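The values are calculated or read from the model by the stated rules, or taken from the named source; none is laboratory data. For clarity, every value in this text was computed on a predicted model and none was experimentally measured. Ideal geometry is used to build each Cβ from the backbone, glycine not excepted, and the neighbour counts take in all protein chains shown.
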Amino acid sequence: MKKDISKNLFADHDIEQFIGLQLRYGVIIASLIVLIGGLVYLQQSGGLALPAYHQFIGTKTGFTSIGQIITGISTFNAKGIIQLGVVVLIATPVLRIAFSLVGFVMERDKLYILITLIVLSVMMVSIFGGLKV
């Protein structure tokens, strides 16, 4: 009775294949976004003079929130496009855990549901909570 739902809809192999494809395509898509952003960056700032490396000059913070990234993409800012690629890369394993959770819920495997919820919760707290010292 425990595996009736998963036998009718998806087999374990199907879920594993889907998760594997999701990981593979997530990394490929993130890499392509960063590559496009890098090419745009070279096009936009490739002709600028070399900075003076004998003195450190920091840059202002930017693209640290989703709103700033979306604004950067809408203005075709190269750093915003690169940051989008980083966000997609970070979201890839989080989606893998979420899809695993769906698979365990379909199988009604309570132990793995609990473990996956704990792992997902720790990741969400780490991503959105930050470390405040």
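Is it true that Gln44 is touching a Phe, Trp or Tyr at 6+ places or on another chain (Cβ under 9 Å) and outside any loop (DSSP other than H, G, I, E, B)? Yes; evaluated as a whole, the condition is true for this residue.
Pairs meeting the criteria (first residue in segment 19-48 and under 15 Å from Gly80 (Cα atoms), second residue part of a helix (DSSP H, G or I) and among the charged types (D, E, K, R), beta carbons under 9 Å, at least 6 apart or on different chains) are Gly37/Lys79; Tyr41/Lys79.
Comparison of Gly103, Gly80, Gly72 shows that the only residue that is in a helix (DSSP H, G or I), among the small types (Gly, Ala, Ser) and closer than 21 Å to Leu21 by Cβ is Gly103.
Of all positions in segment 7-22, none carries a residue that is closer than 24 Å to Phe128 by Cα and small (Gly, Ala, Ser). Residue check: Ala78 meets all listed conditions (1) farther than 21 Å from Gly26 by Cβ; (2) without any contact (Cβ under 8 Å) to a residue 24 or more places away in the chain; (3) buried (at least 16 other Cβ atoms within 10 Å of the Cβ) but one, namely (2).
Hey, any hits in segment 57-72 for a residue that's at negative phi, surrounded by 15 or more Cβ atoms within 10 Å (Cβ to Cβ), within 18 Å of the chain's Cα centre (by Cα) and among the hydroxyl-bearing types (Ser, Thr, Tyr)? Among the residues of segment 57-72, not one is at negative phi, surrounded by 15 or more Cβ atoms within 10 Å (Cβ to Cβ), within 18 Å of the chain's Cα centre (by Cα) and among the hydroxyl-bearing types (Ser, Thr, Tyr), which makes the answer no.
Does segment 106-118 contain any residue that is within 20 Å of the chain's Cα centre (by Cα), assigned to a helix (DSSP H, G or I), surrounded by fewer than 16 Cβ atoms within 10 Å (Cβ to Cβ) and modelled with pLDDT of 90 or more? Quick ask: steps written out before the conclusion?
Start the filter on segment 106-118 by keeping residues that are within 20 Å of the chain's Cα centre (by Cα), which leaves 116-118.
Of the ones still in play, those that are also assigned to a helix (DSSP H, G or I) are 116-118.
Among the residues that remain, those that are also surrounded by fewer than 16 Cβ atoms within 10 Å (Cβ to Cβ) are: 117-118.
Pick out the ones that are also modelled with pLDDT of 90 or more and you get 117-118.
Within segment 106-118 (the criterion being within 20 Å of the chain's Cα centre (by Cα), assigned to a helix (DSSP H, G or I), surrounded by fewer than 16 Cβ atoms within 10 Å (Cβ to Cβ) and modelled with pLDDT of 90 or more), the answer is yes, since at least one residue qualifies.
Whenever a residue of segment 103-127 is hydroxyl-bearing (Ser, Thr, Tyr), its partners that are surrounded by 15 or more Cβ atoms within 10 Å (Cβ to Cβ), lying with C-beta atoms within less than 6 angstrom and at least six residues away or across chains, give the pairs Tyr112/Phe104; Thr116/Ser100; Thr116/Leu101; Thr116/Phe104. Here Ile28 meets each of (1) exposed (fewer than 14 other Cβ atoms within 10 Å of the Cβ); (2) in contact with a Ser or Thr (Cβ under 8 Å, 6 or more places away or on another chain); (3) of a type in the set (A, V, I, L, M) with one exception, condition (2).
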